[in-house]
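Novice: My questions all concern the structure below.
The values are calculated or read from the model by the stated rules, or taken from the named source; none is laboratory data. Given the structure is predicted, the values throughout are model-derived calculations rather than measurements. Here the Cβ is made from the backbone with ideal geometry for all residues, glycine too, and neighbour counts use every protein chain on show.
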Amino acid sequence: MAARAQSTTPVRKVPIHLQSAQNRLLIKNGKVVNGDGIQDADVYIEEGIIKQVGNNLIVPGGSRVIDARGKYVIPGGIDTHTHLQLPFMGTTTADDFYTGTRAALAGGTTTIIDFAIPSKGQSLVEAYKQWRERADDKVACDYALHVAVTWWSPEVQAEMEELCRDHGVNSFKMFMAYKDLWQLSDTELFEAFEKCKELGAVAQVHAENGDIIKENCKKLLAAGVTGPEGHEMSRPEEVEAEAVNRACVLANQVNCPLYVVHVMSKSAGEVVAEKRRQGIVVYGEPIAASLATDGKHYWNSCWRHAAAHVMGPPLRPDSTTPDYLMDLLANDDLQLTGTDHCTFSSAQKEIGKGDFTKIPNGVNGVEERMSLIWEKGVVSGKMDPARFVAVTSMNAAKIFNMYPKKGCIAVGSDADIVIWDPKLEHTISAATHHSAVDFNIFEGITCRGGPEYVIANGRVTVDEGQVKAVQGYGSFIPTAPFAPFVYDAVTEREKVHQLIKVEREGRIVAVRNAVVPVVPPATSNGEALELNLSSVNGVEEVVAAADHHFAAHQHFTRPPTSSGGRNMQDTTFSLSAEYPNPADESDNKRSTIRVKAPPGGHSTGLW
Ligand code: URP
Ligand code: ZN
Ligand code: ZN
């Protein structure tokens, strides 16, 4: 990590005569790492853009040359989750857009994505503009914005449209927690997902069951548990995992891509992994805190220490959690990393001295994320440098549609580059970090590997370890909807999920699920399938639980053969011929054929 800046006074825009010397840069002899591979190559930068990548480059005289022998040349980090200058829980975060982005640069992150969070009833566009005003003149590195949907109405829907169309926003965060403040109901979530899908946006969720948390908090306080440990006890792991599962189900019903922010527990990570295996388009974002420390700190006898770790969802007391999440990250069960950098000083945390529910939620990480993931992911042998790049920048750039401008080292990309020294060793401490906060939850962790140079838009902002951040140097990066990385998958799923109505002579059978009408009483592996029959407005309706893979791969709805005959691979089973009409049953009960486990599991969507 870069050495502490000499002064905390913001440096303003760089004078032009100093800028020009930095406009042409040649990085020689390094190993260029992208998310999909490593090559020995030189990189030439001009006017903030990568102009050449290769060997024996011919470059203009007078260019600054940086020797990167023995170092990795990697894309600048993208932190997908920060809260700078956020008014929250009766106070405002310690880091503003300058100190926060300076800390980001010091750690090798050159782009952050912050959250514009409207208060309940506030215009989303107005909140977006507020965040732009706070950030534009302060950011020392580039930034983009997610917008939170904290209430629901036709106006909110119209504003989501406007944000995507006119303001460069392609992601919306919905809260399943913070009841009475930001939490949406399940119906509202469902509709918000539907809207995101229509707009080509990514739906993000803070996944915790806010209703349960509220009840648990009451019980704990009544029992006299007022300290930070109550925070974790009020929202144990299953409260997070349940919400992740619920969000996946709701999003899948409308084929909306889902992004689970701050994955904090093993079971939440497992739900994401399992849903991905079922073919659902879902991404999981563990954060520096969940990958590198744990929730035992809530039981520390020092209140200040314990309170400093309070964030939601909480860190988990199970100390094997960080390693486990790192394994999921290494294997693409989880895809990318943020920090949820949301800092409050010890004095600010004291707002909740006698009541853990009032401790401002948030921890640091924007400066430490890259080094921690290198140490705990690469040095530990769980991932190679290419995967490191994928999870610290490339996947973020792809999901939020900034790729290949950001997240890769290629001709035409922004010159956001870190020269990463695998031999650099430093121990994290609040005494030397660049954040404005007075505590560091990673205090004492030694990281092997860190940024020697950080280049943001072609400018050397960390130079041989010295931070030279410039206030207002960064820009807002608009993000367009329908990111191909996300929506190509969504579109393909759409094709296999078409509702298919089967025309029949005689009795009419409406089909609510495409797999049903020609489903045999037993599947090829001998399991039975559950069918429910009912009569709706005189038309029989067939309902079944099944998976789209099941429909697509089993071909139960094969069309007729070319000669017009019945496809002989289809079942001979006929619903209308062999099943009693439930309407005929005197008690009008549903007929069922039981099937335990349809191949592919259950992930039925109807859209
Ligand atoms: O504790 C947290 N995470 N604070 C920031 C707000 C949020 O939920 O992301
Ligand atoms: Zn959150
Ligand atoms: Zn957050």
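Novice: Yes or no: residue 481 in contact with a helix residue (DSSP H, G or I) (Cβ under 7 Å, 6 or more places away or on another chain), within 30 Å of residue 257 (Cα to Cα) and either modelled with pLDDT of 80 or more or of a type in the set (Val, Ile, Thr) (or both)?
Specialist: For residue 481, the condition - in contact with a helix residue (DSSP H, G or I) (Cβ under 7 Å, 6 or more places away or on another chain), within 30 Å of residue 257 (Cα to Cα) and either modelled with pLDDT of 80 or more or of a type in the set (Val, Ile, Thr) (or both) - is met.
Novice: Here's a follow-up. Among the residues of the range 99-129, count how many are under 18 Å from residue 153 (Cα atoms), in contact (Cβ under 8 Å) with a residue 24 or more places away in the chain and in a helix (DSSP H, G or I).
Specialist: 3
Novice: Assess whether residue 424 counts as being away from ligand 2 (no atom under 16 Å from the Cβ) and touching a helix residue (DSSP H, G or I) at 6+ places or on another chain (Cβ under 6 Å).
Specialist: Against the criterion (away from ligand 2 (no atom under 16 Å from the Cβ) and touching a helix residue (DSSP H, G or I) at 6+ places or on another chain (Cβ under 6 Å)), residue 424 does not qualify.
Novice: With 200, 227 as the choices, which residue is more than 16 Å from ligand 3 (Cβ to nearest atom), at pLDDT 95 or above and within 22 Å of the chain's Cα centre (by Cα)?
Specialist: None of the others qualify; the one that does is 200.
Novice: So if I check each of 332, 318, which one is closer than 30 Å to residue 255 by Cβ, modelled with pLDDT of 95 or more and out of contact with any Cys (no Cβ under 7 Å at 6 or more places or on another chain)?
Specialist: When all the criteria are applied, what remains is 332.
Novice: Next up: Kindly provide the set of residues from the range 189-219 that are of a type in the set (D, E, K, R) and within 24 Å of residue 80 (Cβ to Cβ), ordered by number.
Specialist: Scanning the range 189-219 gives 194, 195, 197, 198, 208.
Novice: Okay, moving on. Taking the range 267-292 only, how many residues are closer than 22 Å to residue 390 by Cβ, more than 16 Å from ligand 3 (Cβ to nearest atom) and either of a type in the set (A, V, I, L, M, F, W, C) or surrounded by fewer than 23 Cβ atoms within 10 Å (Cβ to Cβ) (or both)?
Specialist: Number satisfying all stated conditions: 12.
Novice: In the range 203-216, which residues are under 19 Å from the mean Cα position of the chain (by Cα) and either more than 13 Å from ligand 2 (Cβ to nearest atom) or in a loop (DSSP other than H, G, I, E, B) (or both)?
Specialist: Scanning the range 203-216 gives 203, 207, 208, 209.
Novice: May I ask you to verify whether residue 262 is at positive phi, within 16 Å of ligand 3 (Cβ to nearest atom) and touching a residue at least 60 places away in the same chain (Cβ under 8 Å)?
Specialist: yes
Novice: Ok, one more. Within the range 260-285, which residues are within 16 Å of ligand 2 (Cβ to nearest atom) and either outside any helix (DSSP H, G or I) or β-branched (Val, Ile, Thr) (or both)?
Specialist: 260, 261, 262, 263, 264, 265, 272, 283, 284, 285
Novice: Which residues, taken from the range 98-114, are in contact with a Phe, Trp or Tyr (Cβ under 8 Å, 6 or more places away or on another chain) and within 16 Å of ligand 1 (Cβ to nearest atom)?
Specialist: 112, 113, 114
Novice: Scan the range 70-96 residue by residue and report those that are assigned to a loop (DSSP other than H, G, I, E, B), within 16 Å of ligand 2 (Cβ to nearest atom), surrounded by fewer than 24 Cβ atoms within 10 Å (Cβ to Cβ) and not hydrophobic (A, V, I, L, M, F, W, C).
Specialist: Of everything in the range 70-96, just one residue is assigned to a loop (DSSP other than H, G, I, E, B), within 16 Å of ligand 2 (Cβ to nearest atom), surrounded by fewer than 24 Cβ atoms within 10 Å (Cβ to Cβ) and not hydrophobic (A, V, I, L, M, F, W, C), namely 83.
Novice: Can you tell me which residue in the range 353-391 is nearest to ligand 2 (Cβ to nearest atom), limited to those that are more than 30 Å from residue 404 (Cβ to Cβ) and surrounded by fewer than 24 Cβ atoms within 10 Å (Cβ to Cβ)?
Specialist: So the residue we want is 361.
Novice: Wholly within the range 400-472, which strands (runs of 3 or more DSSP E) include no fewer than the required count, namely at least 2 residues that are small (Gly, Ala, Ser) and either at pLDDT below 95 or out of contact with any Lys or Arg (no Cβ under 6 Å at 6 or more places or on another chain) (or both)? Steps first, answer last, please.
Specialist: Values: elements: 417-427, 446-456, 459-463.
By residue number, 446-456.
Novice: So, of the residues in the range 50-105 that are aliphatic (A, V, I, L, M) and closer than 16 Å to residue 469 by Cβ, which turns out to be nearest to ligand 3 (Cβ to nearest atom)?
Specialist: 84
Novice: Restricting attention to the range 367-383, does a residue exist that is within 16 Å of ligand 1 (Cβ to nearest atom) and under 15 Å from residue 229 (Cβ atoms)?
Specialist: no
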